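Peer 1: Sharing a structure, written as structure tokens. Questions coming.
The values are calculated or read from the model by the stated rules, or taken from the named source; none is laboratory data. Treat the numbers as computed from the prediction; the structure is a model and nothing was measured. Glycine gets a Cβ as well: all are built from the backbone with ideal geometry, and neighbour counts include every protein chain shown.
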Amino acid sequence: MSKPEFQREAKKHLGQHFLHEKGIIAKIVQAVDPKPGDRLVEIGPGQGAITFPLLDRHGSLTVIEFDRDLIEPLTEASKAHGALTIVHRDVLKVDFSDIAGDTQIRLVGNLPYNLSSPILFHALDHADAIRDMHFMLQKEVVDRMAAEPGSKVYGRLSVMLQAYCRVTPLFKVPPGAFRPPPKVDSAVVRMVPRARDEIAVQDRKRFEHVVRAAFGQRRKTLRNALNGVADSALIEAAGLRPDARAEQVDVPGFIRLANLPST
Ligand code: SAM
């Protein structure tokens, strides 16, 4: 058990569940394994559970925190640990490219679970500026992110994230590791954005459109779910069966389909 350097009452609307298990915090720092020169950025430092151990190890860190009540105590407590830069903003309004400058940042965070998907998609928008990400999320979300075709939880999130990143679930975290405990299990996941020349998607908007339509009605065949988006001839030209369902189509299959001209 790790005692926070300062304590504030957790705010539910900001998804605040503060980590206090020393062993889990150490595992996160170990997974990130910062090296000299790395540009570390933490989303939602809260009471500093991960922040201060990372600072002790690395010497410098930028954090993005929305809760105004945490800014002053974070500033004060950081003085004993290292150089902390605090960005007091909604992370969804932060342009990671600005923080990265001409390098790439390494993102870390025990994310507010109510914003997990928006934050993941926001990170995808700035993938060029990001070297890797280590996030604590609901375990159910991590399962969806890493799911393979045929799995019940394979869906839009799996396809969108895997097309742009390598997704590796690392370890599970029980509710008791947080105060207050969330109602669900959590897990830490690593995501490494693919290099530009490794990304096969030609038009992200079209790709998103196809994937969203396919899974919008996941019980339907591709032919029906993609009505108005891609016809049977196009589906076949992508090497897919029009009577297949979205959950049977792998990521390269969706990419082939979205890359075909759709007149
Ligand atoms: N890192 C701390 C820990 O592990 O104990 C706190 C994690 S808590 C689950 C999520 C943190 O994200 C809180 O500090 C919360 O205030 C912050 N947060 C919530 N919404 C945010 C937003 N839109 N932008 C930036 N930070 C946000």
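Peer 1: It is to be established whether one or more residues within segment 139-154 are under 26 Å from HIS13 (Cα atoms), out of contact with any Phe, Trp or Tyr (no Cβ under 6 Å at 6 or more places or on another chain) and of a type in the set (S, T, N, Q). Talk me through it step by step, then tell me what you get.
Peer 2: We begin by selecting, within segment 139-154, every residue under 26 Å from HIS13 (Cα atoms); these are 139-145.
Filter once more, so that each one left must be out of contact with any Phe, Trp or Tyr (no Cβ under 6 Å at 6 or more places or on another chain): 139-145.
Cutting the leftovers down to of a type in the set (S, T, N, Q) gives us none.
Taking every residue of segment 139-154 in turn, none turns out to be under 26 Å from HIS13 (Cα atoms), out of contact with any Phe, Trp or Tyr (no Cβ under 6 Å at 6 or more places or on another chain) and of a type in the set (S, T, N, Q).
Peer 1: Hey, does segment 192-213 have a residue that's under 29 Å from ALA49 (Cβ atoms), assigned by TED's automatic domain parsing to the domain that holds HIS20 and in a loop (DSSP other than H, G, I, E, B)?
Peer 2: Taking segment 192-213 and keeping what is under 29 Å from ALA49 (Cβ atoms), we get 192-193.
Now drop any that are not assigned by TED's automatic domain parsing to the domain that holds HIS20, which leaves 192-193.
Restricting the remaining residues to those that are in a loop (DSSP other than H, G, I, E, B) gives none.
Within segment 192-213, not a single residue is under 29 Å from ALA49 (Cβ atoms), assigned by TED's automatic domain parsing to the domain that holds HIS20 and in a loop (DSSP other than H, G, I, E, B).
Peer 1: In this structure, is GLY37 assigned by TED's automatic domain parsing to the domain that holds LEU137, more than 19 Å from the chain's Cα centre (by Cα) and farther than 21 Å from LEU92 by Cα? Working first, answer last.
Peer 2: Working: assigned by TED's automatic domain parsing to the domain that holds LEU137: yes; more than 19 Å from the chain's Cα centre (by Cα): yes; farther than 21 Å from LEU92 by Cα: yes.
Yes, satisfied.
Peer 1: Does segment 82-121 hold any residues that are surrounded by 14 or more Cβ atoms within 10 Å (Cβ to Cβ), among the hydroxyl-bearing types (Ser, Thr, Tyr) and more than 9 Å from the ligand (Cβ to nearest atom), and which are they?
Peer 2: Of everything in segment 82-121, those that are surrounded by 14 or more Cβ atoms within 10 Å (Cβ to Cβ), among the hydroxyl-bearing types (Ser, Thr, Tyr) and more than 9 Å from the ligand (Cβ to nearest atom) turn out to be SER97, SER116, SER117.
Peer 1: What single numbered condition from (1) assigned to a loop (DSSP other than H, G, I, E, B); (2) surrounded by 14 or more Cβ atoms within 10 Å (Cβ to Cβ); (3) basic (Lys, Arg) fails to hold for ARG223?
Peer 2: ARG223 satisfies all of (1) assigned to a loop (DSSP other than H, G, I, E, B); (2) surrounded by 14 or more Cβ atoms within 10 Å (Cβ to Cβ); (3) basic (Lys, Arg) except (1).
Peer 1: Here's a follow-up. Of the residues LYS172, LYS183, which is closer than 27 Å to GLN138 by Cα and in a strand (DSSP E or B)? If you could, list the steps in order and put the result at the bottom.
Peer 2: Numbers: LYS183 fails: in a strand (DSSP E or B).
Sole residue among the options that is closer than 27 Å to GLN138 by Cα and in a strand (DSSP E or B): LYS172.
Peer 1: When you check ARG179 against the structure, is it touching a His at 6+ places or on another chain (Cβ under 7 Å) and surrounded by 14 or more Cβ atoms within 10 Å (Cβ to Cβ), yes or no?
Peer 2: Criteria met by ARG179.
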